[in-house]
């Protein structure tokens, strides 16, 4: 009797090993060709620089890692609608140029954050860990200026909610990654900027703009994003808490690569279960 085997069409799509938001995230290489990683679970990241500098590349690297992580949920705010739009099917919430919807999402995140701190206090804990089984809620905001300075009269509430989330969300497992084309004091107040543990300055037009992203005085010490050539897209200065700026080149994902990763991420996050192969040889279309 012939042995029946499952046909390739019924075997399903193999699932690779899952990533974690507590793992280091690869974002590119430094000027010596060494890989650059960031750990985002307990940090926030601010990226600033002129249009076309490569900020969206950094956000998409982080979004890809978060979408493929088994312990992550995505919340996306995209003022331009297209920079993060390919990840919509992997996200719990995707907000475009709608300040009212953005405020609703931030208020909900604030409630989740408060509930998590109540849970931590009840268990005599100070922060969420990988062993708790709680998802890391990764919040990505592209073009802060649209929500904080461009639309309507609600921008002050948006800045206040975002500042609270950046200030208190880290230990609750709610990191924030934000980007802006206009690194100015009216868009990124110092009280908000200094709360970001990671800051990446892509090409800026003035030393002052570079300092707004990296911190006061770095341009005068030779770390100015004005030195980055306009044709060197993806190059940036990255600084972490307590460190000095580091010249990096952000990894680039093409639209087709993002589409492939996003489709796979949406597939492994689908609410249904995996369909099992047929159990009888007849179902496989093979004679016994």
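The values are calculated or read from the model by the stated rules, or taken from the named source; none is laboratory data. Since the model is a prediction, treat every value here as computed from it, not as a measurement. Note that we place each Cβ from the backbone using ideal geometry, even for glycine, and neighbour counts take in every protein chain shown.
Every test in (1) in a loop (DSSP other than H, G, I, E, B); (2) within 13 Å of residue 48 (Cα to Cα) is passed by residue 243 save one, and that test is (2). Close Cβ contacts (under 7 Å, 6 or more residues apart or on different chains) running from residues in the range 91-110 that are part of a loop (DSSP other than H, G, I, E, B) to residues that are surrounded by fewer than 20 Cβ atoms within 10 Å (Cβ to Cβ) comprise 96/81; 97/81.
Could you say whether any residue in the range 201-209 is more than 22 Å from the chain's Cα centre (by Cα) and without any contact (Cβ under 8 Å) to a residue 12 or more places away in the chain? Within the range 201-209 (the criterion being more than 22 Å from the chain's Cα centre (by Cα) and without any contact (Cβ under 8 Å) to a residue 12 or more places away in the chain), the answer is yes, since at least one residue qualifies.
Taking the criterion of being in contact with a helix residue (DSSP H, G or I) (Cβ under 9 Å, 6 or more places away or on another chain) and crowded, with 22+ Cβ neighbours inside 10 Å, the residues of the range 45-68 that qualify are 45, 46, 47, 48, 49, 53, 60, 63, 64, 66, 67. The lone criterion from (1) surrounded by fewer than 14 Cβ atoms within 10 Å (Cβ to Cβ); (2) modelled with pLDDT of 95 or more left unmet by residue 131 is number (2).
Every listed requirement among (1) without any contact (Cβ under 8 Å) to a residue 24 or more places away in the chain; (2) in a helix (DSSP H, G or I) is met by residue 167 save one, (1).
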